[in-house]
Amino acid sequence: MPELTGSILTPEGWRRGRVRFAEHVRAVDGRATDAPRAPYVVPGFVDLHVHGGGGADVMSGEAAVRGTARTHLRHGTTALVATTVTAPVEDVDAALTGVEAVRRAPAAGEAQVLGAHLEGPFLNADKLGAQPPYARAPDPALLRRWAEITRVLLLTYAPECDPGEVLPGTLRALGILGQIGHSLADDATARRALDAGGGVTHLFNAMSGLHQRAPGVVGAALAVAEHAEIIPDLVHVAPTALLAARRGIPGLYGVTDATAGAGMPAGEYPLGRYTATKHGDVLRLADGRLAGSALTMDSALRNLVALGLQLDEAVAWLATRPADRLGRVDLGRIAVDARADLVVLDAELGVDRVVVGGREAF
């Protein structure tokens, strides 16, 4: 039976020993330790917001979804949710068809594609950020049709653009998690969406900010949200804001919001029907707007540790909490009967090995 040895992060804490596995974890042997040292064996990262990577854009279909899954696996992501951008209906149809092809037939060397995250098109046209200009009114029938193409896990929408509140009931019926994003909602509107079980997409970015007399989406999230995603590239959100969110939101988790330029050199890369230019670790549209990120989960981990998080908490942000957001207790943890998605990190927190479903993939 395959095994990995080192400092193993379990739900009960660190153990120095070995984890034995087939497709699922069979046993974790060793002694508890408060002083883990490399190699570190941690659960594979679970990224709930990924537009692309390695030059590939999810909107381009199956080959691009596979390219995205291969790129992010090399950085420790063992499961991801492929994310669309706001686009004409036919473009979203094609993207979701590609997502479903990969979800149903995963290949060696790819992160598991769990399903789709629809970032739009039911967004506020005045708060699109780098989203292409194809926002439209809420359409439950269209959402149901998309859910027939592939497993839609998350929908980012602007609740103020749904005054009849037709989407929450449809989301519940379809088993889709709603998230506020690209929104100018006031705090009362945002709180209603959050009270209905909603989360927040890329907290602080593309949403109404916090003012003492107009708390907006950010204020509502810090006050009552149980779950929110945040981009820890230290560009989208300043460290102080990130640490403030850490205090306020118990289920805060990290996502990459990675676009096609992730893992690639400087140059131009697609984002739906837009083109973004990468300089250093930042992608922008021609007018200077941030266009997703070039982040990978191993870089996110190092950023969080550099901000003062302990390694076990940083891993929870990137593995356990996003898995919990999806209700997937078989992911994001090293425990008996959990799926054997494992990452071995060296002393500098670089990715040394990746195991997906019990098979060495990198």
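The values are calculated or read from the model by the stated rules, or taken from the named source; none is laboratory data. Everything quoted here is computed from the prediction, not taken from an experiment. Virtual Cβ from ideal backbone geometry, glycine too; neighbours counted across all protein chains shown.
What the table shows:
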item	result
Filter result (farther than 13 Å from residue 171 by Cβ and in contact with a helix residue (DSSP H, G or I) (Cβ under 7 Å, 6 or more places away or on another chain)) within the range 143-152	149, 150, 151
Residue within the range 29-49 that is in contact with a Leu (Cβ under 8 Å, 6 or more places away or on another chain), aromatic (Phe, Trp, Tyr), at pLDDT 95 or above and farther than 22 Å from residue 297 by Cα present	no
The range 22-51 residues that are in contact (Cβ under 8 Å) with a residue 40 or more places away in the chain, paired with ones that are among the basic types (Lys, Arg) and in a loop (DSSP other than H, G, I, E, B) (beta carbon under 8 Å, 6 or more apart)	43/333; 46/328
Residue tally, condition in a helix (DSSP H, G or I), out of contact with any strand residue (DSSP E or B) (no Cβ under 8 Å at 6 or more places or on another chain) and among the aliphatic types (A, V, I, L, M), over the range 129-176	5
Output for the range 169-191, where each listed residue is touching a helix residue (DSSP H, G or I) at 6+ places or on another chain (Cβ under 7 Å), farther than 21 Å from residue 99 by Cβ and of a type outside the set (A, V, I, L, M, F, W, C)	183, 186, 187, 189, 191
Answer residue from the range 208-235, given it is of a type in the set (Asp, Glu) and either assigned to a loop (DSSP other than H, G, I, E, B) or at pLDDT below 95 (or both) and is surrounded by the most Cβ atoms within 10 Å (Cβ to Cβ) among those	233
Residues being out of contact with any helix residue (DSSP H, G or I) (no Cβ under 6 Å at 6 or more places or on another chain), assigned to a loop (DSSP other than H, G, I, E, B) and surrounded by 16 or more Cβ atoms within 10 Å (Cβ to Cβ) - total across the range 259-274	5
Count of the range 68-121 residues which are part of a helix (DSSP H, G or I) and in contact with a helix residue (DSSP H, G or I) (Cβ under 9 Å, 6 or more places away or on another chain)	17
Criterion (buried (at least 18 other Cβ atoms within 10 Å of the Cβ), out of contact with any strand residue (DSSP E or B) (no Cβ under 6 Å at 6 or more places or on another chain) and of a type outside the set (A, V, I, L, M, F, W, C)) met by exactly one of 34, 91, 47, 126	91
Number of positions in the range 52-67 that are in a loop (DSSP other than H, G, I, E, B) and without any contact (Cβ under 8 Å) to a residue 40 or more places away in the chain	1
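Let's see how each residue does on (1) within 17 Å of the chain's Cα centre (by Cα); (2) under 30 Å from residue 269 (Cβ atoms):
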{"residue": "3", "(1), (2)": "no, no"}
{"residue": "13", "(1), (2)": "no, no"}
{"residue": "17", "(1), (2)": "no, no"}
{"residue": "25", "(1), (2)": "no, no"}
{"residue": "61", "(1), (2)": "no, yes"}
{"residue": "70", "(1), (2)": "yes, yes"}
{"residue": "76", "(1), (2)": "yes, yes"}
{"residue": "94", "(1), (2)": "no, yes"}
{"residue": "97", "(1), (2)": "no, yes"}
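For every residue, the table says whether it meets (1) surrounded by fewer than 21 Cβ atoms within 10 Å (Cβ to Cβ); (2) over 27 Å from residue 69 (Cβ atoms); (3) of a type in the set (A, V, I, L, M, F, W, C).
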{"residue": "118", "(1), (2), (3)": "no, no, yes"}
{"residue": "121", "(1), (2), (3)": "no, no, no"}
{"residue": "134", "(1), (2), (3)": "yes, no, no"}
{"residue": "156", "(1), (2), (3)": "no, no, no"}
{"residue": "168", "(1), (2), (3)": "yes, yes, no"}
{"residue": "176", "(1), (2), (3)": "no, no, yes"}
{"residue": "200", "(1), (2), (3)": "no, no, yes"}
{"residue": "203", "(1), (2), (3)": "no, no, yes"}
